[in-house]
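Right, one structure below, let's go through it.
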Amino acid sequence: MTPAEVRIGASLGERLLAFARGPLFRGDAQVLHAPNPYRRALAPDALAASDFTRPLTAGAPSAHRALAAHRLLGTFYEAETVLLPEQGLAPLHGDFDLFYGADLRALRENSVSELERFAFDCLADAVDVSGAGTTDVLESYFRHVVAEAATGPSPALAAVEAARDRRTAADLYVVQLALDGLTEASAMSRNLGGAYGPEQSALFKIFIDEFGYGVHDAKHTTIFAKLLRSRAMATHVHAYWNFYLAGPLATNNYYYYLSRDHAKFFRYAGAVTYAEAVFAPGFVEMVKVFRGIFGDTVDLHYCDEHAHIDEHHGRITRDQVLLALADRHGPRVVPELLRGVAEARLVGGWFEEDTAAQIRWSDDLARYRDLASNARTGRGAEPDRIVLSPDAPFTTRTRDTDVVLEMAAGEADLVATPTGPPERLARGDVLLVPAGRLHGLRAVTPEATCLVHPVSPSLEAPDSRPATATADRPAEQDG
Amino acid sequence: MARVIVIDLSRHNTVYVGHDRYFVLHAGGPPLLVRDHCPHRGGPLSLARPTPDGRRLSCPWHGTKVGVSAVRRGCLPMVRSGDEAVVLLPDGTEPVSVLRKEVLANLPAETGPAC
């Protein structure tokens, strides 16, 4: 079926599958992607089983459907940016033509709005704003949530700190940052055009900081690559595509989602102000944790830069964008500004919790072998059977429920981190994979077969997120 | 600056600010923190019942019908994320407390004739 045929009367799932089945998105046998920004594994086989008729929920940000949807959405958004390989385009002209070509563009344009509704409509249920909005209310709310973020722990960095293998955990954390770190400010660039007064100029000041004032060596993506290089990690865009978690993907996509639609401009202004305000203390914490692990061997220029400049960006966005927009445009826009702050806080939590959960699980796989032995798998239910070969495309995925992997034949490596040693599974080995945990399997014998048994009930379903912490709670009393 | 309090909507539905009482009203759309005060003589609107059309609350004191839209216009600023609600109170020094009380206004509309 050609892309044109797929468009006529096809469901969202069918259109997405047609897109993912394109030659650019099948993946290859390597765990890391080659220096080719147009190729990224969209795991069409796993995608085919995804349900795109039931929208995502805010309570299950790491579900398989969420991972699949956000990989696609991120690819759609990036196709609206300019991606060129550092080594030159000469050997990749064919992929360039396909990636930006008419067939995929038609599929993207026919699917992107529907996929955004699928992915982000849950925010309307998760967050709401009521009551009269004033600049005073906005500023008070903003200061409250920023103070909470500045004083509260980062679950992801806490997980890095607590890991047995802190180096691997730290690398996994860096990879989640690489998703944005190597294409930084691309979403923001969409909101620089037009004419909206001094607030536009304030936003542009931040943008030009991100872009190193036109000096490539000072560009934030350049100094992020230095961080990767100091860890002997790949620096090309999406080398670690297979290890981006659903939560970080959703967080990154959220800013593209807001900035693609200028009706959401005020929400974007709220969200970017929150992000800029919490980045600085976040990077101060990251410097502390990473210095503790790596000493002077890691290049933290990127973190130092953000710990410094984001203090200014936090102030500029608060005073010259967020509050200035509220003053200039009146109470009608305040609820949208508040909503943007609240949503950014929520999706930032997805990044943190998903990354923390992946670190904790991948750092403790021996225990999950034991848990698998005691897990109750569905009796009489036919397990999924995965047949692997060393040259088969390597892809990662999550599952919506806990499963036990059982090697029925041959041997395979379970890969759950970008830089850590894989977990070798021999015939008869079992390992519990909780819902929402990212993993891939790679055969190390000419053929290997893995059985996937669902576990009931779910031990760590992605919906079972911890309750949101409350701050400033007044004393309770009966009356 | 406004005062900020955080309430857990799964546990609390009433806020006292000094002598003023507010309750969480579910009247279609997002939950609202509204003043528990009938504009007629100050009756407890939290103990009102919705009229059959769901558009008004029938005050338990004198049967005054208070429009939900008017109640909504006077609600306190609140940002909800999941069960957590951040409430922005006007600046002041009155003591604040939160608790759970019976709220009849969130029950289904009365089926009998409206009084």
Those residues of the stretch A:191-233 which are touching a Phe, Trp or Tyr at 6+ places or on another chain (Cβ under 8 Å) and under 20 Å from A:VAL347 (Cβ atoms), in sequence order:
A:ASN191
Yes/no for B:CYS75 being over 25 Å from A:ALA344 (Cα atoms), open to solvent by less than 30 Å² (accessible area, probe 1.4 Å) and either under 12 Å from the mean Cα position of the chain (by Cα) or at pLDDT 95 or above (or both)
no
Tally of residues being away from chain B (no Cβ under 14 Å) and within 14 Å of A:TYR257 (Cα to Cα) across the stretch A:110-139
11
State all residues of the stretch A:256-273 that are under 15 Å from A:ASP319 (Cα atoms) and open to solvent by 20 Å² or more (accessible area, probe 1.4 Å); if no residue qualifies, say none.
A:PHE266
Among (1) at pLDDT below 95; (2) among the hydrophobic types (A, V, I, L, M, F, W, C); (3) open to solvent by 10 Å² or more (accessible area, probe 1.4 Å), the one test that A:ALA366 misses:
(1)
Selection within the stretch B:78-104 - under 15 Å from the mean Cα position of the chain (by Cα) and more than 8 Å from every other protein chain (Cβ to nearest Cβ):
B:ALA85, B:VAL87, B:LEU89, B:ARG100, B:LYS101, B:GLU102, B:VAL103, B:LEU104
Only helices (runs of 4 or more DSSP H) wholly contained in the stretch A:47-150 count here; list those with 2 or more residues that are open to solvent by 60 Å² or more (accessible area, probe 1.4 Å).
A:93-99, A:102-120, A:122-126
Whichever residue in the stretch B:1-49 is within 10 Å of chain A (Cβ to nearest Cβ) and assigned to a loop (DSSP other than H, G, I, E, B) and, among such residues, is nearest to B:LEU88 (Cα to Cα)
B:ALA2
Filter the stretch A:49-71 down to the residues that are aliphatic (A, V, I, L, M) and in contact with a helix residue (DSSP H, G or I) (Cβ under 6 Å, 6 or more places away or on another chain), then identify the one that is nearest to A:LEU115 (Cα to Cα).
A:ALA69
Among A:ALA232, A:ALA246, the single one that is open to solvent by 30 Å² or more (accessible area, probe 1.4 Å) and aliphatic (A, V, I, L, M) is A:ALA232
The condition from (1) open to solvent by 70 Å² or more (accessible area, probe 1.4 Å); (2) charged (D, E, K, R); (3) touching a residue at least 40 places away in the same chain (Cβ under 8 Å) that A:ARG15 misses is numbered (1)
Does any residue of the stretch B:38-58 turn out to be under 27 Å from A:GLU336 (Cα atoms) and under 13 Å from the mean Cα position of the chain (by Cα)?
no
Whether any residue in the stretch B:65-76 is within 14 Å of chain A (Cβ to nearest Cβ), touching a residue at least 40 places away in the same chain (Cβ under 8 Å) and assigned to a loop (DSSP other than H, G, I, E, B) is what I want to check.
yes
For the stretch B:52-62, state whether one or more residues are in a loop (DSSP other than H, G, I, E, B) and of a type in the set (Ser, Thr, Tyr).
no
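The values are calculated or read from the model by the stated rules, or taken from the named source; none is laboratory data. Note that this is a predicted model, so its numbers are computed, not measured. Here the Cβ is made from the backbone with ideal geometry for all residues, glycine too, and neighbour counts use every protein chain on show. Please note that ligands, DNA and RNA were not included when accessible areas were found on the heavy atoms of the full protein model with its side chains. Shrake-Rupley method; radii C 1.70, N 1.55, O 1.52, S 1.80 Å.
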